[in-house]
1. As I understand it, the dipole of the range 6-194 uses +1 on the Cβ of Lys and Arg and -1 on the Cβ of Asp and Glu, about the Cα centre. Which of Val49, Gln108, Leu191 lies farthest toward its positive end?
2. Could you give the length gained on full extension between Asp258 and Glu198, defined as 0.36 nm per residue of separation minus the Cα-Cα distance, in nm?
3. How much FRET efficiency would the formula 1/(1 + (r/R0)^6) give for Thr103 and Gln38, where r is the Cβ-Cβ distance and R0 is 41 Å, rounded to 0.05?
4. I need the phi-derived Karplus couplings for the range 110-115: 6.51 cos²θ - 1.76 cosθ + 1.60, θ = phi - 60°, integer Hz, Gly and Pro marked x.
5. Using the Cα centre as the reference, give the magnitude of the dipole from point charges on the C-beta atoms of the range 61-208 (Lys, Arg: +1; Asp, Glu: -1; all else neutral), rounded to the nearest 20 debye.
6. With all pairs of different alpha carbon atoms counted, what Kirkwood hydrodynamic radius in Å does the range 197-262 show?
7. Would you please give the FRET efficiency between Ser227 and Glu142, computed as 1/(1 + (r/R0)^6) with r the Cβ-Cβ distance and R0 = 56 Å, to the nearest 0.05?
8. With labels modelled as points extended 7 Å from the Cα through the Cβ direction, what inter-label distance (nm, one decimal) is found for Leu177 paired with Leu269?
Amino acid sequence: MTMKQSIYSKQKSLGAGNPTVVTEALGQSEPFLEFQEQLSRVAPVNRPVLLIGERGTGKELAAARLHYLSNRWQAPMVALNCSALSPTLIESELFGYEKGAFTGALQQRFGRFESADRGTLFLDEIGSIPMEVQEKILRVVEYNVFERVGSSESIEVDVRIVAATNADLNDLVRKNLFKQDLLDRLSFEVLFLPPLRERQDDIALLAGHFAGRMALELGWDEIPVFSDEALQALENHPWLGNIRELKNVVERAVYRSDAAIIADIDFHLFHSPYKTITPFESKETLSAEFGAVDSRALLNRPLKEAMWELKVMMLETALRKTRYNQKKAARVLGLTYHQFRGLYRQYQSVSGSKIEKASS
């Protein structure tokens, strides 16, 4: 692994009847490289690992890499999102059940622990597991045995647990929502995934990666390239949703673009393009915001011409009010940045000029 760039891509067969799985991690920043080094160091050690990170930081991808770098890589890696199941279903999903154990149990079913025997069990959002189920997990971790729901027969398994969460497990322990003994057992090693805001040097690399994949999916012949302004916008964004959010933003920008040079980035997908007027906002207030309108002059012109003149007037006024900051002007007009850029390009094609500071 070089200090300039780390691209990890590994394929391994999981044995007869199992598909080939590909795991990939991409980055070149110091926090990314440090995390990958920690991951590689603990992977061969047959002990539980706890992954802690914000949403969208790639916890499942990190768990997959742990598995494929371990001595268990030829056995299954089984995953369970604990927050996606009701408390009554988690126990049967983890430990399986016998026929007739409850209403609807028409046949015996293996749980995730049995399916992951000799391999790795990834428990995502482990903080949402009920206390009574935590007790049974603790027994598996300590003694490698459990019973299916509706059975008293002990089943022995050899499973490595990798758990992940974005919750404060110590706080859950203090609130009696998580067992201290289980936390102690699971935290042989605790690794914190770096958020994207701490991986500034990776943003352009990841954006190019996602853009190229999206272009391939769309059947493009050219590889997309971000303009300097668009790249700066990507690097300055806080990325509360981390890599997942970056992927969505980049893919949306590519599919909306009419050219291989990506210039428009829309971060505010849920901003309405229509201006909201409060009950206290009068016509005089709106007129003062965009300048006086000569309604009589507009009424003496064809409808399309009058509407275009009104758009141009509002566009120019909004730009002057925001000191020609196009993103702020878009917000003043109640438009998304993508919509504003469309209107601005239309203005340029009709007038043959740009609205510059000097024109004011």
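Laboratory data are not the source of any read-out in this text; all were calculated from the coordinates shown. Bear in mind that the values here come from a model prediction, so they are computed numbers and not experimental data. Backbone-built Cβ (ideal geometry, glycine too); neighbour counts: all protein chains shown.
1. Toward the positive end, the furthest listed residue is Gln108.
2. Working: separation 60, 0.36 × 60 = 21.60 nm, distance 3.20 nm.
Length gained, Asp258 through Glu198: 18.4 nm.
3. Numbers: r = 46 Å, r/R0 = 1.13.
That pair, Thr103 with Gln38, gives E of 0.35.
4. For the range 110-115, the Karplus curve yields 6, x, 5, 5, 5, 5 Hz.
5. Values: 16 positive and 22 negative charges, 39 e Å.
With only Lys, Arg, Asp and Glu charged at Cβ, the dipole is about 180 debye.
6. Working: mean 1/r = 0.0844 Å⁻¹.
After inverting the pairwise mean of 1/r, the radius is 11.8 Å.
7. Details: r = 57 Å, r/R0 = 1.02.
It comes to 0.45.
8. That separation, rounded to one decimal, is 2.7 nm.
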